[in-house]
Amino acid sequence: MPWLGRVFLATFALTLAIPAGALTLGAGVLLDPAFRETLGRLGLVGLFAGLTDLAQGLPPDMAAMAALAFVQALGLLLILPPVLSALLGETLGLRSFVWYGGTAGTLMALLPWLARGGPPPNTAAAGVEARLSALLLVTGATSGFVYWLIAGRSAGSRSPR
């Protein structure tokens, strides 16, 4: 039955680690001038395009589908790396904060590259991609570190009988 306590502790740790990563990502996007400017431009363009589409009589379910796809991508980006690092760390009984932070950060930084299948084709996009990867690395490391603080330090420990 001690594994049931570990499952509850790991679930609780992940429910705190994932929002910590989301807050880190949001703060990083808002604090970086280039990302903040791009987000502002895309937000206004998306708003104006959505209003134009609605004015032309297009159904709003296209906007809902785009929003759903964005939420799914963001969920995959923020949830998958900490969950994978937690599963592997708990299975192997690892207690190192380097494992949890490093694995979650590396996985999160590599997800855009893995989804595309390699590095960006031109050098102008490579600089932006490197900044995004650095931001994702910090985001994943934050979520992995929060998980380690709550549940990872006691992973693999055996209680005396």
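Couple of notes before you dig in:
- The C-beta contact set for the stretch 27-44 (first residue modelled with pLDDT of 70 or more, second residue β-branched (Val, Ile, Thr), distance under 8 angstrom, 6+ apart or interchain) comprises Gly28/Val138; Gly28/Thr139; Ala34/Val128; Phe35/Val29; Arg36/Val29.
- Within the stretch 84-103, the set of residues being surrounded by fewer than 18 Cβ atoms within 10 Å (Cβ to Cβ) and under 14 Å from the mean Cα position of the chain (by Cα) comprises Leu84, Gly102.
The values are calculated or read from the model by the stated rules, or taken from the named source; none is laboratory data. A quick note: this is a predicted structure, and the numbers were derived from the prediction, not measured. Heads up, the Cβs are rebuilt from the backbone with ideal geometry, glycines too, and the neighbour counts pull from every protein chain shown.
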